[in-house]
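These notes concern the structure reproduced below.
The values are calculated or read from the model by the stated rules, or taken from the named source; none is laboratory data. These numbers come from a predicted model, not from an experiment. Reconstructed Cβ throughout: ideal geometry from the backbone, glycine too, with neighbour counts over all protein chains shown. Quick note on the areas: whole protein, heavy atoms, side chains included, nothing else; ligands and nucleic acids left out. Shrake-Rupley method; radii C 1.70, N 1.55, O 1.52, S 1.80 Å.
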Amino acid sequence: MTLILIKQDGTRYNLQELGIRVVEFEPESLNVQNTVQDIAGGGYIVTDASYGPRYINCELQIQGQDLTDYALFRAEVFALFTNLEPFYVIDTKVPSRRWYVRSDGSFSLVKKNKRGNYGLKWLCVNKYAESIATTSSVKEWDADVWAWDGTISWDEDLQYTFSSNDFTVKNLGNAPIDPRENELEIIIKATAVSYLQITNNTTGETYRFNGPLSATDTLVIKGVRTLKNGISAFRNTNFKLLTIVVGNNNFTVTGGTIQSVAFNFRFLYK
């Protein structure tokens, strides 16, 4: 077991290759926080529930050749793990998933001779683990980005590009996709006289673009933005968004004719 760190500039660090032994890598569960209101006479009611901060606890070990080598190694560890920008971390036991984290607080050393153990705490910027593969990734058996688990089957086609006005998008993770917090891109080629409306019948959400679309136009819903041929067109919408719940999401398009619609996102895991 080792950890792979990926910095913002794409630089990858394999801790094993750096001589850093991973003793423990333990993500905490989601932090469920309830807002309650007391009831006169005893008891309470829950008025809201949300997820609070989530952390990953990690213990690393380094070994120096001598005391000077150990001190220099320690300085390298400090430099690697005390940057302010977030980074991705992959536990090679589950190579198909990654965590987006930040260093949190200081970390202390338990030293014995030329060996030192460090306890680190990482704040999960994204509260969920996410798949390395996206729905546009090529499905290949020998690629480490796929997990052949209970939701993703080698035999089943993963279809996320459609050419009809009625289609089903499968979310094979165990957490919903919300474009306000997670990656979600919908690329649409369609013809429409005055509007195009997309409804997720599973959630009841409806997105509407007001305006004509020709066969040469491309409409992109990316996060909270809408782009028509690369130019912002959010003001031409109904200011609504589409989310993708766990399981099947049944969509219907009205107001025009779909040539192609592609959904690109990562699966999320609690």
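Just a few scattered comments:
- Check: the chain dipole with +1 on Lys, Arg Cβ and -1 on Asp, Glu Cβ, in debye: 560
- Amide H to amide H, with H built 1.01 Å from N, A233 comes under 5 Å of T226, L227, K228, counting only residues 5 or more places away or on other chains.
- Computed magnitude of the charge dipole of the stretch 151-270 (debye, nearest 20; Cβ of K, R +1, Cβ of D, E -1): 480
- Per residue accessible area of the stretch 46-102, 1.4 Å probe, in Å²: 52
- In the chain, helices alone account for a calculated mean residue ellipticity at 222 nm of -2000 deg cm²/dmol, with every DSSP H run of four or more residues adding -39,500 (n - 2.57).
- Relative contact order, whole percent, for the chain stands at 18, derived from Cα pairs under 8 Å and 6 or more residues apart.
- Ratio Rg/Rh [Cα only; Rh per Kirkwood] for the chain: 1.08
- In the distance distribution for the stretch 1-122, Cα-Cα pairs more than 21 Å apart total 48 percent.
- Approximating the spin labels as points 7 Å out from Cα along Cα→Cβ, the T68-to-V23 distance works out to 2.7 nm.
- Computed P(r) (all Cα pairs; the stretch 149-239; 5 Å bins; percent): 3, 11, 20, 25, 19, 12, 6, 4, 1
- Extension reserve of the K93-K222 stretch, reckoned as 0.36 nm per residue once the Cα distance is removed: 43.3 nm
- For the chain, the longest principal axis of the alpha carbon atoms and the long axis of helix 67-81 meet at an angle near 20°.
- Filter on K127/K228; K170/K270; K127/K240; K7/K270; K7/K228 - keep pairs with C-alpha separation over 29 Å: K127/K228; K7/K228
- Separation between Cα centres of the stretch 40-115 and the stretch 167-190, rounded to whole Å: 30
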